1. What strands (runs of 3 or more DSSP E) lie completely within the range 11-98 and have 2 or more residues being within 16 Å of ligand 1 (Cβ to nearest atom), crowded, with 18+ Cβ neighbours inside 10 Å and among the aromatic types (Phe, Trp, Tyr)?
2. So if I check each of LEU11, LEU56, LEU103, LEU51, which one is free of Cβ contacts under 8 Å to residues at least 60 places away in the same chain and out of contact with any Cys (no Cβ under 9 Å at 6 or more places or on another chain)?
3. Does GLY201 fit the bill of being within 19 Å of LEU11 (Cα to Cα) and out of contact with any Leu (no Cβ under 7 Å at 6 or more places or on another chain)?
4. Looking only at the range 13-51, count every residue that is among the acidic types (Asp, Glu) and within 23 Å of ILE176 (Cβ to Cβ) and tell me the total.
5. What number of residues within the range 205-234 are in a loop (DSSP other than H, G, I, E, B), exposed (fewer than 14 other Cβ atoms within 10 Å of the Cβ) and modelled with pLDDT of 95 or more?
6. For the range 105-134, which residues satisfy the criterion of being among the β-branched types (Val, Ile, Thr) and assigned to a loop (DSSP other than H, G, I, E, B)?
7. Between residues in the range 141-167 that are in contact (Cβ under 8 Å) with a residue 60 or more places away in the chain and residues that are near ligand 1 (Cβ under 8 Å from one of its atoms) and acidic (Asp, Glu), which pairs lie under 9 Å by C-beta distance while being six or more apart or on different chains?
8. Could you please find all residues in the range 101-114 being in contact with a Phe, Trp or Tyr (Cβ under 7 Å, 6 or more places away or on another chain) and among the hydrophobic types (A, V, I, L, M, F, W, C)?
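The values are calculated or read from the model by the stated rules, or taken from the named source; none is laboratory data. From a predicted model like this one, the values you see are computed outputs, not experimental measurements. We place every Cβ from the backbone using ideal geometry, glycine too, and count neighbours over all the protein chains shown.
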Amino acid sequence: MADFQIAPSILSADFAKLGEECDNVLASGADIIHFDVMDNHYVPNLTIGPLVCDALRKHGITAPIDVHLMVNPVDRIIPDFAKAGATYITFHPEASEHVYRTLQLIKGEGCKAGLVFNPATPLDVLEYTLPKCDMVLLMSVNPGFSGQAFIPYVLDKARQVRKMIDDQGLDCRLEIDGGVKADNIAEVAAAGIDTFVSGSGIFGGRNESDPNKYDTILKQMRDELAKVGSKRGA
Ligand code: DX5
Ligand code: ZN
């Protein structure tokens, strides 16, 4: 079966007890913490920075932290996130003057690097940069807020990038972000995605019997993914 990973977006968590929320969602079976950084400039919202990433590491989070930068400029803040314990750092190519240099900067800081594509952003920059990427993140909503509706045509982009990664035999994760829930995760996986960000889909689906647990929703997502794994004959 494909190596599917589920990445809860903490944008939908309870920020007053963020460490505990991360512990709980990981203990319930999530793989990666998706960490949304917004600057009220590149996107019309303001969230969290390196201090919060560092605090989560000090709290004891050992799972990969997937830092999604929705900021412009990007370069100045990258070393701060590397020091704060980021595993992946992804950025939007529109927000960097020199995309390849920014990828090199992230890798030089010892992190995994990736590019993020808004729904309306073409993929052409991948012609020269895909072999340098550890991750490609396709936005299936316009970035800035959780709880928006999934944009279906992004699945065509997913199929295109999956083909590019496979044709070139690259070790690169293909992630999707926005509007992913248990009821569409299988269709998304069938389009070639292997890493699934979900904010409201997971944090809005706490166990009814215990609001600190997310096993029910995560199991539902895994069951859906298992169907795709077997359909592919993997
Ligand atoms: C949107 C963020 C997402 C967001 C996803 O700009 O990048 O990570 O939290 O939230 P949902 O899954 O609720 O669409
Ligand atoms: Zn995100």
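1. Numbers: elements: 33-38, 65-70, 88-91.
Of the strands (runs of 3 or more DSSP E) lying wholly inside the range 11-98, those with at least 2 residues that are within 16 Å of ligand 1 (Cβ to nearest atom), crowded, with 18+ Cβ neighbours inside 10 Å and among the aromatic types (Phe, Trp, Tyr) span 88-91.
2. Details: LEU11 fails: free of Cβ contacts under 8 Å to residues at least 60 places away in the same chain; LEU56 fails: out of contact with any Cys (no Cβ under 9 Å at 6 or more places or on another chain); LEU103 fails: out of contact with any Cys (no Cβ under 9 Å at 6 or more places or on another chain).
Checking each option against the conditions leaves just LEU51.
3. Details: within 19 Å of LEU11 (Cα to Cα): yes; out of contact with any Leu (no Cβ under 7 Å at 6 or more places or on another chain): yes.
Yes: the conditions hold for GLY201.
4. Step one: filter the range 13-51 for residues among the acidic types (Asp, Glu), giving 14, 20-21, 23, 31, 36, 39.
From what's left, within 23 Å of ILE176 (Cβ to Cβ): 21, 31, 36, 39.
So the answer is 4.
5. 0
6. Within the range 105-134, the subset among the β-branched types (Val, Ile, Thr) is 106, 116, 121, 125, 129.
THR121, VAL125, listed by residue number.
7. Cβ pairs passing all conditions: PRO143/ASP36; PRO143/ASP177; SER146/ASP36.
8. Initially, the range 101-114 is screened for residues in contact with a Phe, Trp or Tyr (Cβ under 7 Å, 6 or more places away or on another chain), giving 102, 111-112, 114.
Matches in the range 101-114: CYS111 only.
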